[in-house]
Amino acid sequence: MIKFFLMVNKQGQTRLSRYYEHVEIKKRTMLEAEVIKNCLSRSKDQCSFIEYKDFKLVYRQYAALFVVVGIDHTENEMAVYELIHNFVEVLDKYFSRV
């Protein structure tokens, strides 16, 4: 199950966030800061899947934009990785030059 969906720029600013479970605003801010720090600190040679607390992070970088999805341990990482790519393709077709 997907827990949250984030779009973040290289400066660490959240551009879009969507939570599929209730999380308090203060906890969201802390969670986003930690998730962003973990994803931005990784090199391109490292894997795009991260074990984080009680869930997994799947992220993908497109130019200066990171798309991060938090999932539980039962979800397939590769399927979510492809979901991210399909989501970005749809945005690109709809808005052109995303």
In debye to the nearest 20, the charge dipole size for the chain, taken about the Cα centre with +1 at each Lys and Arg Cβ and -1 at each Asp and Glu Cβ, equals 460 debye
For every other residue with a beta carbon closer than 12 angstrom to the beta carbon of LEU6, add +1 if it is Lys or Arg and -1 if Asp or Glu, then tell me the sum.
+3
Nonlocal Lys pairs with alpha-carbon distance under 14 Å, the chain (8 or more apart, or different chains):
6
For a Förster distance of 25 Å, can you work out the FRET efficiency between the beta-carbons of SER17 and ASP45, rounded to the nearest 0.05?
0.35
Residue by residue through the stretch 50-67, what is 3J(HN,Hα) from phi via Karplus (6.51 cos²θ - 1.76 cosθ + 1.60, θ = phi - 60°)? Round to whole Hz and write x for glycine and proline.
10, 7, 9, 6, 9, 8, 10, 10, 10, 9, 8, 9, 10, 6, 9, 10, 10, 10
Before I look further, what does the chain give for accessible area per residue, probe 1.4 Å, in whole square angstrom?
67 Å²
Let me check I've understood the local charge: for HIS73, count other residues with C-beta under 9 angstrom from its C-beta, Lys and Arg +1, Asp and Glu -1. What total comes out?
-3
Can you tell me how much longer the chain between GLU82 and ILE25 gets when fully stretched, taken as 0.36 nm per residue apart minus their C-alpha distance, in nm with one decimal?
17.6 nm
Carbon/sulfur accessible area of the chain, % of total, 1.4 Å probe, equals 54 percent
Specify the angular offset, from 0 to 90 degrees and rounded to the nearest 10, of the alpha carbon long axis of helix 25-40 from the longest principal axis of the alpha carbons in the chain.
60 degrees
Using the charge dipole of the chain (Lys, Arg: +1 at Cβ; Asp, Glu: -1 at Cβ; taken about the Cα centre), state which of ILE84, VAL23, SER96 has its Cα farthest towards the positive end.
SER96
On each of the three principal axes the extent of the alpha-carbon atoms of the chain, given in whole Å and largest first, is 35, 28, 27
Once phi is turned into ³J(HN,Hα) by the Karplus curve 6.51 cos²θ - 1.76 cosθ + 1.60 with θ = phi - 60°, what whole-Hz value does each residue of the stretch 7-17 show in order, with x for glycine and proline?
10, 9, 8, 5, 7, x, 8, 6, 9, 8, 9
Scan around TYR62 for amide H atoms under 5 Å from its own, H built in the peptide plane at 1.01 Å from N, and keep only partners 5 or more places away or cross-chain.
VAL67
From the phi of every residue in the stretch 87-95, what ³J(HN,Hα) in whole Hz does the Karplus formula 6.51 cos²θ - 1.76 cosθ + 1.60 yield, where θ is phi - 60° and glycine or proline is x?
4, 5, 4, 5, 4, 5, 5, 6, 9
Dipole of the chain (Lys/Arg Cβ +1, Asp/Glu Cβ -1, origin at the Cα centre): which of ILE2, ALA64, ASN38 lies farthest to the positive side?
ALA64
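The values are calculated or read from the model by the stated rules, or taken from the named source; none is laboratory data. As the structure is a prediction and not an experimental result, all values here were calculated from the model. FYI the Cβ positions are ideal-geometry reconstructions off the backbone, even for glycines, and counts take in every protein chain you see. Remember, those area values only see protein heavy atoms, side chains included, never the ligands or the DNA or RNA. Shrake-Rupley method; radii C 1.70, N 1.55, O 1.52, S 1.80 Å.
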